[in-house]
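Asks: Here it is: the structure, laid out below.
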Amino acid sequence: MLGHVIRSLATVVLVAGTLLGLAACGQVPQPFAKDYANLSKAPFLIAPTTEGVLVLPVDGVDPETGQLIADLTATALQKQDVAAGTRASNRASLFLSGSGRRRLDGAIEITWTLARSDGSVVGERTDTIASDAQLAESTAKVAEWLRPRRVPTVRTVPKVAVYPVDGAPGDGNDLLRRALALALDRAPVELTNDLVDSGHVVQGDVSVKRQPDGRDQVVVSWIVMDARGRQVGTVDQSNLVAGGSLDTSWGAVAAPIANAAVGGIVALLRQSEAVKAAAGDGPAKLPE
């Protein structure tokens, strides 16, 4: 069994794969965990995978107005692809409540509070509504506050070159590089012989360490970098194998290792292309 981890500067994604042909091993821990945004610093408050929001009637105003504002806010959230409503929730739902007050000039000031089911507050904001037009504008702004901006769809085919692998004993460096190149050649990317403008490169690093029980701990790290030499992220794979079983030949395991890693590598390449598109970056310059 193999556990492999995709690591990047922006996200942490835990993935499980299978490294066939290495050696039988015990159960590998799978520390899957729900990822939540850093709510104190993020410009939005709901992760894209949220289970939904229950919008409560705004208090402090007449019941009809309070329910109307809640209904409009839920509709605005639904337009942002957030599962939102004013009637039902589940154990994982977030709760959006509003506390309103009439000002002397007749406007309604609403303080919104987003909280989890245990009562812990995720975020707060205050809006002022003085007209029907401002009411629609305010509910749309609340929805934008809760939901992250969409990353534009990137249709660019990532270009990637496979650089030499280092650290493997025997024929491992050569076979792993060739196996990854073959796997990427079948993936939705453009494989290049050398690093090109606005392209990427993948380098492999291997370590094999003898353990006290006589087995070898094998760790393979695939490092994805852009044309400027900036690291996009890594895909890490590890497994325990019979001691010395990979000292000379990697022929039985190179292809399974590469096939297990290629999905994570492609995900990092797409992420890099999306970040560049969102930032409006032009073609990267190759380092001198």
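Asks: State which residue is modelled with the highest pLDDT when the search covers only the range 74-93 and only residues that are closer than 22 Å to Asp118 by Cβ, buried (at least 16 other Cβ atoms within 10 Å of the Cβ) and among the polar types (S, T, N, Q).
Replies: Checking each candidate, the answer is Thr86.
Asks: Right, another one. Take Ala261 and decide whether it is more than 20 Å from Val202 (Cβ to Cβ) and modelled with pLDDT of 90 or more.
Replies: Criteria not met by Ala261.
Asks: So, Pro158, is that one touching a residue at least 40 places away in the same chain (Cβ under 8 Å), surrounded by fewer than 19 Cβ atoms within 10 Å (Cβ to Cβ) and not basic (Lys, Arg) or not?
Replies: It is false that Pro158 is touching a residue at least 40 places away in the same chain (Cβ under 8 Å), surrounded by fewer than 19 Cβ atoms within 10 Å (Cβ to Cβ) and not basic (Lys, Arg).
Asks: Moving on to the next point. Kindly establish whether Glu64 is acidic (Asp, Glu) and touching a Ser or Thr at 6+ places or on another chain (Cβ under 6 Å).
Replies: In short, no.
Asks: Go through the residues of the range 139-159 one by one and say whether even a single one is in the same structural domain as Pro57 (by TED's automatic domain parsing) and more than 25 Å from the chain's Cα centre (by Cα).
Replies: Yes, that holds for at least one residue.
Asks: May I pose another question? Restricting to the range 158-190, give me the number of residues that are of a type in the set (A, V, I, L, M, F, W, C) and closer than 19 Å to Gly233 by Cβ.
Replies: So the answer is 10.
Asks: Follow-up question, since we're still on this one. Within the range 188-228, track down each residue that is among the acidic types (Asp, Glu) and under 17 Å from Lys276 (Cβ atoms).
Replies: Glu190, Asp197, Asp226, listed by residue number.
Asks: Yes or no: Asp62 modelled with pLDDT of 85 or more and surrounded by 14 or more Cβ atoms within 10 Å (Cβ to Cβ)?
Replies: The answer is no for Asp62.
Asks: Further question: Please determine whether any residue of the range 236-252 is assigned to a loop (DSSP other than H, G, I, E, B) and either surrounded by 21 or more Cβ atoms within 10 Å (Cβ to Cβ) or touching a Ser or Thr at 6+ places or on another chain (Cβ under 6 Å) (or both).
Replies: Scanning the range 236-252, I find at least one residue that is assigned to a loop (DSSP other than H, G, I, E, B) and either surrounded by 21 or more Cβ atoms within 10 Å (Cβ to Cβ) or touching a Ser or Thr at 6+ places or on another chain (Cβ under 6 Å) (or both), so the answer is yes.
Asks: Now for a different question. If a residue has to be surrounded by fewer than 20 Cβ atoms within 10 Å (Cβ to Cβ) and in contact (Cβ under 8 Å) with a residue 40 or more places away in the chain to count, how many in the range 216-226 make the cut?
Replies: Result for the range 216-226: 0.
The values are calculated or read from the model by the stated rules, or taken from the named source; none is laboratory data. Note that the structure is predicted; figures quoted are calculated from it, not measured. No Cβ is skipped: glycine too gets one built from the backbone with ideal geometry, and neighbour counts run over all protein chains shown.
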